[in-house]
Amino acid sequence: MVEALLSVDRVEMRFGGIVALHGVSFEAKRGAVTSVIGPNGAGKTTLFNCITGMYQATSGRVLFNGRDITGLRPHAIARTGIARTFQNIALFGGLSVLENLKIGAYRHGTSGLLEGSIFAPRAQRDEKAAQRHAQDILDFLMLSDIAGKKPSELPYGVQKQVEFGRALMQGADLILLDEPMAGMSRGEKETLVQLIRRVQSTLGLTFLLVEHDMPVIMDISDHIVVVDFGRKIAEGVPAEIQKNDAVIAAYLGA
Amino acid sequence: MLSQFIFSGLALGSIYGLVALGFTVIYKATQVFNFAQGMLMVCGAYFAVTASIHLGLPFPLTIAFILVGAGILGIAIYFLLIKPLGGQALLPMIMITIALSIILRAVIELIYGGAPLTLRLPLPSGVFVLGDVRISQLHVTAAVVSWLCMLLFIVFFRRSRAGLLMRATADGYEAAVLSGIRVDRINAAAWAIGTMLAAIGGVFLCQLQLVSVELENIGLLALPAVVIGGLQSVPGAILGGLLVGLIEQLASGYISPKARDIFIYVPLLLILFIRPWGLFGQKELGRV
Amino acid sequence: MMSPCNHESLLSVAGLSVSYGGKALVLSGIDLSVGKGEIVAILGANGAGKTTLIRAISGLLKLHGGAILAGQIKIGADDTTRLAPETIVRLGLGQVPEGRLVFKNLTVEENLDVGAAVLPREKGRRTMAAVYHLFPRLAERRTQLAGLMSGGEQQMLALGRALASSPRLILVDELSLGLAPLIVRDIYAQFKTIRSEFGTSMLIVEQNARLALDVSERAYVLERGEVVLSGLSADVATSARIHESYLGVQAEASHG
Amino acid sequence: MITTGKTRLRAVFIGTLLGLGACVADAMAFESPQDGVYTDRIDWGMTADMSGPASAAQAPWGHGFQTAIKAINEKGGVNGRKINVLTEDTRYDATVERVAYDKFVSQTPTLGTSGMGNSSAQTALVPLIKRNKLPVIGTYTTAKVAIDPPTPYFYGGFCGFKEMAQVGIGFFTDHLKLQSPKVALVHLDVASGKEYSSYVEAAVTARGGTVKSIPIKVVAADATPQVLEILAMKPDYVAIHGVPTTAILVIKAMKQYGIDVPAFAITYLGTPGVYENLGPDAGKNYYFVSCFSPASSDPKAAAEMAAAADKAGFGPLKDDINFVAGWVVGTTVAQAIAKVGAEPTREKLADMLNAGFTANTSGLSSELKYTAADHEGLHGLKPLNYDYSAKAFKSYGDYKDFDKYLK
Amino acid sequence: MSNGVTAYLVRLRHNALPTTLRVIGVAVLLAILLYLPYVLQFRSIFGVRLSNMQLLNIGLSQVNLTLISIIGAVSLNYLTGCAGLVSVGHAAFFALGSMVAAATGMHLKLPFLATLVAAMLAGAMAGVVAGLPSLRVRGLYFVLSTLAIHFIVVFVFAEYQYAFHDVTGVAVGDAKIGSFEIDSGIKWYFFLLPITVLSCLLMRNTLFHREGRAVLAMRDNELAAAAAGIDVRILKLKVFAFSSAFASLAGALQAYYLSNVAAEMYSLNFAIQFIAIIIVGGMGTIGGGVIGAIVWLLLPSILMGAATEVKSGPGDFASFLLAHRPQIVNLIFGSIVALILIFAPHGIAGFLRPLWQRMIGGLPWRGRT
């Protein structure tokens, strides 16, 4: 039995009078790819935001590595070892690809503004480590050619890869990918799927995905959680989900 | 003493409220934080000078001239400066209004010279005596006209079709264009109205003292007024203006005129901390 | 591929290609038409280009940083490619945008008033009366602020506002998004009435395929910015492709 | 590749040299100036707020100065040379004042400079004035530190705040036949207001009276709070310091609250604009003290100035006290240069002034006299008022009559 | 340290000119900077006199004040352009710097350089306080909170000035290092130039290291920055402190340069001028602050000089121009700002960069590096 790296326990989220999540619970097993699917507006991104601290859940708990991270601020949650990407690509537009990746290394450094301003040894150590790590990731993603480019100069799919790379840089145990395939071409999607597989096998990272591209989801997921109207309506391995009546109704309409 | 301060504070506050209302109208429509609002007010005073002294128009025509002039000015500003910059970040939008105020000041000084001018409009200038409170008729006129203008605006805003379209546009840009609203016209109209309201305020201020570009600094008191009231709120702007007027008179009277800025800006900071969206503004729900 | 169109064409899109900020094409060579009195559905998974197509037709592309690179859009006889959205509305295209874009600080009546503002006053009043007749719920809530209504009522209002401008054609974008199925069904039930009473054609973009296919006569299926399937709704509904496109069930047809 | 780089570099060098050569050829053409004195002209500096918040008062001063110099140049200039005024607009900014001063010292050297109306900038410049040895003659305002003790190379040119306080208080106390006057002083809450307030207090205390100091803001739209304090105090008369708006607000508000006591203001507020704005009813009890005579108060003395002003297109300004002050300084500067002789230098000019110099201001001001111990120049003042029917200023006696109040 | 400089040069070499040319370029720039004060002081190049217009009506004093303003502008650009925190209260830190320099000099008898350090420390502390609203409010409301800070600081300054100093202002002591007094334009220039260059470099260097880069990230996307483990709240306060320290340094230097400062000098217009500088120059880059300050402070003077030269032309029109020089200069100036905003939204620096890159790109050595 593989232990749960992340467990979401009856998380509820209300905005004013609107209930976006009705006590959703599920677990993401260590080293596995878990996907959250559901029609638009079902509450998937809200769920991600509750896990990463962007929203404060109205009630319920989130446990990570056995630690209760409910109520922590986003940066603190990131520091416990959770990295994420965003639905509408959140790269830093003013920074080059390389610099974007280096931001991922932020939590491993300790040097401050003043040290940076005078080239203090600690700042340089941080910088060198970040540089090395970023170079490795760029090589791994085969993006070395575009290290100096600004995100806006890149195609959408490549931007998604850069964002993925930044998440990898964080050296997190768990990576949350919010619609990583949206807007990608078929080829790009296949590349990304392979990347995720490689990362999963070589680094043993755990993934939690929100995705719409069903062929991809069915292909890559070890476990699928289906939400609709803020409720979990099904859970299981891909083959089960494809046959689940509630799921088919939610998607195609009953 | 107190009643006297309150009265003069309310009278001044009404003028500030009028200018602040113009500011809010412009802000709601185009999201421009208009640092030139004080200068638009000054333009009103100089339009009055042009009409009354240079053209020798009778009083009612002078009023018409001011309103038409201010309206045209507002529309011109929208199409020449604001629209070309459309949708830019906060700071460039602020800066363009600062550039506008530099330009307007230079143009006014070129045309009228830098020296303050005296303008006498046939407005009442006597005093009412109520018990031991002495009330300047000019103050009363200013307050009454300001309130009438505000009322007129609110009726226009609430009841007329143009006002309805203006509110709709302020509510949501995309929904507005998808409903067939010609947003450019609405925005230009908002600038015209905002400028007119400022101009009327300017006419009264120049009656209280002189016609001079330095009136701009008084007009800028509209800024804290709108923030205290909440940027998006029409009643907030009016109440913010009244509050600033009251603070000014009470602080000057009971403490020291120097204390005025402190008594306006310290509460402003506090309000920002406690209700960051202003006293009457609406909280915007943050979405990721 | 397309079934011969026996209606007079009200909306025609020919060879439409769109991209954002000069990047890769989001739509490439889309052909589509809506005949007079027709209800047509556009289906497709997320990211297939549905929203972009709607934006291109409604003139909103520029606002979102996109541009039409090739192709033509016509409403009736008017070429509306690259026209401003407000002008397109005035040419008879009503819009029910995604995300229930109602004016939240306006009352129900005012919302409808805004919709009817493109019409002469008298005609506007008549269409508003018709909208109230169609959705009695809106009539009950005349003076309520739109922002305080439930999601379904807001969607109803958005539809009503579009109808108030007495359009020749309305675009309905993702109406079911985040709404309870019952409410969605209620609204969809009115579509045929709308057509008969207002004489309006409809172009429906919908993720809930079954619902859309039920109400429409014809349908187009978009995938990655291209029309991969089109035809009579009944035929589309039984096509294996649609199931695959939505649920990722590997059908016999291999991907090109 | 390297060669291409070098070729390019060489091209850049040759281009630069050619450019420099052109500049050199152009530059050869002119004369090296000695303290701003050329064969046919003398450069003289002038700084004033020609734009910005203080321009309403300072721009007329600048026009008066320029008009005076223009008139002198038209009569042939000074010892065969024309005076060329280099004007710098200081925009109410102390740093700009500093830049302008430095400019006159060496950038475009002048024989001397006038104006310098920003009192904090003046205070800041005092050490530099001593060091740079550029005579400053005729300032628009005079900072206390500059004349007490006298700063070498610095010579004032405006009525002093201390004298304004002494003459104003003295005249009104006697005029109203008061034993111990009760005075309300409305002043701006800025530096010069504080300074003036201390002088008024000293002058009133010397008369055994009491004074209440009431501050007001430059940016005020209403003077109700100030006037209510005046009302509570019931003074014998009111003293006003500020900008024209201050006087207008205070006097109008006093009228509104039925306070019918006379008021006197500092020199700067004695403009026709203020009186026109107040109107005859409120303006009749409003006085000011001045060391300059507006044209209409003494048309005979002002004849030359009036003619020159009309000619220069500044006719409407000739009754403006600031314009008169600029004119007086302009004529003083010309006389001083003339007295130095054919080859003036900064050093000679300052030595001459320090040795003792009295300017002929043809009655447009009180006696203007510099000595080694006194660099202020102007001391005598007189009270003035405005006659609405004649549209002319009216003085209450001659400057000498009020010297008795000066200490 | 030398290690750092090497790394620095390596980075500079990336995407730039070959080393020899760089060295020549830097040498020429240095030579110009070293020779400039003598040119301006003696109004001549290699002994050949230049006319005032040939020197663009610019004097040494203006250059010195520009150097001080560059520190102020770059520090505001760091706060607003790099960290995305729009402030209209920058004059407050100038005022604070001059006030602290004067106070520590007068009451504590600290020497000149120590007062500068004191001013920076005080600026940093005040910066933290001024930054507090940024944790709570954003956008326009934050802008207004900085406006409030401005008025409060100026009020405190005025009270301090009236209580302890002369009414005409706060007199600061002489700028003396040991027994060496900085008392001439040239001395000031050689004192200010390294301070300005160093200040700019210190701010610039941060951007190439961990936390400084995080500042840029925070500006571009606060949520994504938080998701990368950056505590944006603390970082905002740090940036405020860092930037305010330099603004206070500039204020203190200006106070010493003018030898006397008054609270009235630090008006809202003074603060707004810095916003204009960074917008005209270009937001978010160190070069933008520098170029902006140079243009903003020297352009009016150049225009004014040019206006003085326009003496010929149709009589009435020329005399009208001459009589209204300041207004016309302001009109042109305001219009230039508006035009830059509309047609060059990234400021002069943003406008020049592509030209510069195209120029380098067109050169044959481009391919080599």
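The figures follow:
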quantity	calculated
Per residue value of the accessible surface for chain B (all protein chains in place, 1.4 Å probe), Å²	35
From phi via Karplus (6.51, -1.76, 1.60), per-residue ³J(HN,Hα) for the stretch D:109-124 in Hz, x at Gly/Pro	x, 10, 6, x, 9, 9, x, 6, x, 9, 5, 6, 5, 4, 4, 5
Reach of A:LYS150 by Cα under 15 Å, taken over aspartates and glutamates that are not fewer than 8 positions away in the same chain	A:GLU99, A:GLU163, E:ASP220
Other-chain or far-sequence residues with amide H under 5 Å of C:GLN95's (modelled H)	C:LEU171
Surface per residue (accessible, 1.4 Å probe) for chain E, Å²	38
Heavy-atom accessible surface that D and E bury in contact, both chains counted, 1.4 Å, Å² to 100	3500
Cα-based helix-to-principal-axis angle, D:2-27 vs chain D, degrees rounded to 10	60
Residues of chain D: accessible area per residue with a 1.4 Å probe, Å²	36
Computed over chain D: relative contact order in percent, which uses C-alpha pairs under 8 Å that are six or more apart	17
Cβ-derived FRET efficiency at R0 45 Å, B:THR50 paired with D:LYS369, nearest 0.05	0.45
Residue-by-residue Karplus 3J(HN,Hα) for the stretch B:97-113, coefficients 6.51, -1.76, 1.60, Hz, glycine and proline x	6, 5, 4, 4, 6, 4, 5, 4, 4, 4, 5, 4, 5, 5, 7, 10, x
Distant-in-sequence amide H partners of D:VAL78 (H built 1.01 Å from N, under 5 Å)	D:ILE83
Accessible carbon and sulfur surface of the stretch C:98-256 relative to its total accessible area, %, 1.4 Å	52
When the convex hull of its Cα atoms is projected in every direction, mean area for the protein assembly as shown (nm²)	61.5
Rg to Rh, two decimals, where chain A supplies the alpha carbon set and Rh follows Kirkwood	0.98
Label-point gap, in nm, between C:GLU8 and C:ARG241 - each point 7 angstrom along Cα→Cβ	3.1
Tail beyond 27 Å, pair distance distribution of chain D (Cα, percent)	52
Largest to smallest accessible area among D:VAL261, A:VAL97 [probe 1.4 Å]	D:VAL261, A:VAL97
Volume in Å³ per residue [convex hull over Cα atoms, computed for the stretch B:204-278]	94
Percent RCO, i.e. relative contact order, over the stretch A:4-252, from Cα pairs under 8 Å lying at least 6 residues apart	28
Order of exposure, largest accessible area first, which applies to A:ARG186, E:ARG138 with probe 1.4 Å	E:ARG138, A:ARG186
Over 28 Å [Cα-Cα, chain C], rounded percent	31
Extension gain from D:ASP401 to D:LYS133, taking 0.36 nm per residue of separation minus the Cα-Cα distance	92.8 nm
Share of Cα-Cα pairs in chain B lying beyond 25 Å, as whole percent	47
Inter-chain Cβ neighbour average for residues E:261-267, partner chain, 10 Å	5
Interface E:A - total buried accessible surface [probe 1.4 Å, Å², rounded to 100]	3100
Other protein chain Cβ atoms within 10 Å, averaged over every residue that makes up E:131-143	4
Averaged over B:73-84, number of beta-carbon atoms from partner chains that fall within 10 Å	1
Other-chain or far-sequence residues with amide H under 5 Å of D:PHE393's (modelled H)	D:SER296, D:SER297, D:ASP387
Area buried, chain D against chain B - accessible surface, total, 1.4 angstrom probe, square angstrom	2600
Protection proxy ranking, peptides B:162-172, B:1-11, E:250-260, average beta carbon neighbours within 10 Å, highest first	E:250-260, B:162-172, B:1-11
Derived scalar couplings ³J(HN,Hα) [the stretch E:203-213; Karplus, 6.51 cos²θ - 1.76 cosθ + 1.60; whole Hz; x for Gly, Pro]	5, 5, 4, 4, 5, 9, 10, 3, 6, x, 5
Accessible surface of chain A [probe 1.4 Å, protein heavy atoms]: carbon and sulfur percent	52
Listing of the stretch B:141-171 residues, each with accessible area lower by at least 20 Å² in the full protein assembly than in the chain alone (probe 1.4 Å)	B:ARG161, B:LEU164, B:LEU165, B:ARG167, B:ALA168, B:ASP171
Rounded percent of accessible protein surface that carbon and sulfur make up, chain B, 1.4 Å probe	70
Crossing angle, helix D:161-175 versus chain D [Cα axis fit, 0-90 degrees, rounded to tens]	20
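The values are calculated or read from the model by the stated rules, or taken from the named source; none is laboratory data. These numbers come from a predicted model, not from an experiment. Ideal geometry is used to build each Cβ from the backbone, glycine not excepted, and the neighbour counts take in all protein chains shown. Accessible surface is based on the protein model in full, side chains and every heavy atom, while ligands, DNA and RNA are left aside. Shrake-Rupley method; radii C 1.70, N 1.55, O 1.52, S 1.80 Å.
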